[in-house]
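Beneath this line is the structure, given in structure tokens, with notes to follow.
Read-outs: derived from the displayed coordinates by stated rules, not from any lab. Every value quoted in this text rests on a predicted model; they were computed, and no experiment measured them. Ideal geometry is used to build each Cβ from the backbone, glycine not excepted, and the neighbour counts take in all protein chains shown.
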Amino acid sequence: MAGMFRKLAVLAGAAEAARRYAQKNPDKASRYLDQAAEFVDKQTKGKYHGQIAGVADKAKGAAGIKRNPGPGEPPTARY
């Protein structure tokens, strides 16, 4: 049980470090998230495209990065 808490603490620290990096380098972080989402989408042959895009947008929002607008959507509609 203590090992699990230790692993969660390490994971939380890594998530916080990633969030700080994203806030300092939003363009790079956004590009990396987009690349990761594109890779997963390609591996799943587009079957989960909507879910993958949604998760990428939520990750960007959690990191304080503006998300890419969808087709026909104003550029500042959401974060």
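Computed values, structure above
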read-out	value
Above-threshold pairs, the threshold being 28 Å between Cα atoms, out of Lys7/Lys60; Lys7/Lys42; Lys7/Lys47	Lys7/Lys42; Lys7/Lys47
By average C-beta atoms within 10 angstrom, highest first, the peptides 34-43, 5-14	34-43, 5-14
Region 2-63 shape via C-alpha gyration tensor axes, a/c threshold 1.5	oblate
Reach of Lys66 by Cα under 16 Å, taken over aspartates and glutamates that are not fewer than 8 positions away in the same chain	Asp27, Asp34, Asp57
Simple spin-label estimate for Lys58 and Phe5 in nanometres, 7 Å along Cα-Cβ	2.8
